[in-house]
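**Student:** Here's a structure for you.
The values are calculated or read from the model by the stated rules, or taken from the named source; none is laboratory data. Quantities reported herein were computed from a predicted structural model and do not represent experimental measurements. As a convention, Cβ positions derive from the backbone with ideal geometry for all residues, glycine included, and neighbour counts pool all protein chains shown.
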Amino acid sequence: MPYIPDPGPEAIEATALLLYAVAYRASLPGGIRIPRQALWDLLTGYPALAANVGGRLDFYAALRTLADAHPDAIRLVTSTGSRVDVVLHRDLRTGARGYGLMGLGHGEVEEEDALHRRGLEPHLSLPADLGVSDRLPRLPGGPKRCSRCQMTKPASEFNKRGPNGLQPRCRACQKADAQARSGKTKDGKPYEETRSPRDRRVERPGMTFGGSTGSDY
């Protein structure tokens, strides 16, 4: 295990500035997921910030400190193999304060001006090769997207599956499916007419469920 030093306050602040600028420029309300290595590569393009952070291990240590201090805004997750990704969320209500930054002002205008003065280009989109994704890991007990209606709902609106999992469809969609199977669908057609031919059971007169005739019993 390599030795990871304790980050100094300058390294923590510089790292927080970079992370907040990335979240600001992404403009994705649900948050973003980005490889840790890509963030380090991005940091090296800002010499003033990089000088305050130090080396790569100092940067990783600052990330860990910030994730521990501000879990609602910053999380570290293990991805494929040993790759570590950073999940960033920007809450418009708290802004930069959610990252522990108290000197950027309040509101969009003041924050954008402060990021401009620090050369962090808040008006520009993020580079396409950073590997930014909006596919975020779900927090235990956090919201989940229904596979049928595609709406994001609280975990309480899903039935459980196994000790730790949730059903892919929300309770409302499961109920709608059950009602459709027992009667008519939303468009008024009998449920049987909406099924594919391979799913329909073709029964000849006198046939029972198992395919035998009544005379067999």
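**Student:** Out of all the residues in the range 156-166, which are assigned to a loop (DSSP other than H, G, I, E, B) and either at pLDDT below 85 or out of contact with any strand residue (DSSP E or B) (no Cβ under 9 Å at 6 or more places or on another chain) (or both)?
**Tutor:** In the first step, residues of the range 156-166 are kept if they are assigned to a loop (DSSP other than H, G, I, E, B); the result is 158-159, 162-164.
Across the range 156-166, the qualifying residues are Gly162, Pro163, Asn164.
**Student:** Which of the following residues is among the polar types (S, T, N, Q) and exposed (fewer than 11 other Cβ atoms within 10 Å of the Cβ): Ser125, Ser79, Ser147, Ser133?
**Tutor:** On the way: Ser79 fails: exposed (fewer than 11 other Cβ atoms within 10 Å of the Cβ); Ser147 fails: exposed (fewer than 11 other Cβ atoms within 10 Å of the Cβ); Ser133 fails: exposed (fewer than 11 other Cβ atoms within 10 Å of the Cβ).
Going through Ser125, Ser79, Ser147, Ser133 in turn, just one is among the polar types (S, T, N, Q) and exposed (fewer than 11 other Cβ atoms within 10 Å of the Cβ): Ser125.
**Student:** Just need a number here: residues in the range 124-144 that are charged (D, E, K, R) and either modelled with pLDDT of 80 or more or on the phi > 0 side of the Ramachandran plot (or both). Talk me through it step by step, then tell me what you get.
**Tutor:** Of the residues in the range 124-144, the ones charged (D, E, K, R) are 129, 134-135, 138, 144.
Still in the running and either modelled with pLDDT of 80 or more or on the phi > 0 side of the Ramachandran plot (or both): 129.
Going through the range 124-144 one residue at a time, the tally reaches 1.
**Student:** Moving to a separate point now. List the helices (runs of 4 or more DSSP H) that sit entirely inside the range 18-69 and contain at least 2 residues that are farther than 23 Å from Gly119 by Cβ. Break it down stepwise before answering.
**Tutor:** Working: elements: 36-43, 47-53, 56-69.
Ranges flagged: 56-69.
**Student:** When both residues are 6+ apart or on different chains and their Cβ atoms are under 8 Å apart, which pairs have a first residue that lies in the range 163-186 and is more than 15 Å from Cys149 (Cα to Cα) and in the same structural domain as Arg148 (by TED's automatic domain parsing), and a second that is at pLDDT 85 or above and in a loop (DSSP other than H, G, I, E, B)?
**Tutor:** Leu166/Phe158; Leu166/Asn159
**Student:** Which pairs have Cβ atoms under 8 Å, sit 6 or more apart or on different chains, and link a residue in the range 116-136 that is more than 12 Å from Arg25 (Cβ to Cβ) to one that is surrounded by 13 or more Cβ atoms within 10 Å (Cβ to Cβ) and of a type in the set (Ser, Thr, Tyr)?
**Tutor:** Gly119/Tyr46
**Student:** Just one of the numbered conditions (1) part of a helix (DSSP H, G or I); (2) within 18 Å of Pro7 (Cβ to Cβ) is not true of Asp113; which one?
**Tutor:** So Asp113 meets the others, but not (2).
**Student:** Among the residues of the range 90-105, write down those that are more than 23 Å from the chain's Cα centre (by Cα) and small (Gly, Ala, Ser).
**Tutor:** The answer is Gly103, Gly105.
**Student:** Is it the case that Leu92 is of a type in the set (A, V, I, L, M), farther than 23 Å from Asp6 by Cα and modelled with pLDDT under 95? Step through it out loud before you land on a result.
**Tutor:** Details: of a type in the set (A, V, I, L, M): yes; farther than 23 Å from Asp6 by Cα: yes; modelled with pLDDT under 95: yes.
Against the criterion (of a type in the set (A, V, I, L, M), farther than 23 Å from Asp6 by Cα and modelled with pLDDT under 95), Leu92 qualifies.
**Student:** Also, I was wondering about something else. With (1) buried (at least 20 other Cβ atoms within 10 Å of the Cβ); (2) under 20 Å from the mean Cα position of the chain (by Cα) as the list, and Ala14 as the residue in question, which single condition is left unmet?
**Tutor:** The single condition Ala14 does not satisfy is (2).
**Student:** Taking the stated definitions as given, is Ala61 assigned by TED's automatic domain parsing to the domain that holds Glu111, free of Cβ contacts under 8 Å to residues at least 60 places away in the same chain, surrounded by fewer than 21 Cβ atoms within 10 Å (Cβ to Cβ) and not acidic (Asp, Glu)? Can you show your working first?
**Tutor:** Numbers: assigned by TED's automatic domain parsing to the domain that holds Glu111: yes; free of Cβ contacts under 8 Å to residues at least 60 places away in the same chain: yes; surrounded by fewer than 21 Cβ atoms within 10 Å (Cβ to Cβ): no; not acidic (Asp, Glu): yes.
So Ala61 does not fit the description; no.
**Student:** Given the structure, is Val84 in contact with a strand residue (DSSP E or B) (Cβ under 7 Å, 6 or more places away or on another chain), surrounded by fewer than 17 Cβ atoms within 10 Å (Cβ to Cβ) and in contact (Cβ under 8 Å) with a residue 60 or more places away in the chain? Explain how you work it out, then say what you get.
**Tutor:** Working: in contact with a strand residue (DSSP E or B) (Cβ under 7 Å, 6 or more places away or on another chain): yes; surrounded by fewer than 17 Cβ atoms within 10 Å (Cβ to Cβ): yes; in contact (Cβ under 8 Å) with a residue 60 or more places away in the chain: no.
Criteria not met by Val84.
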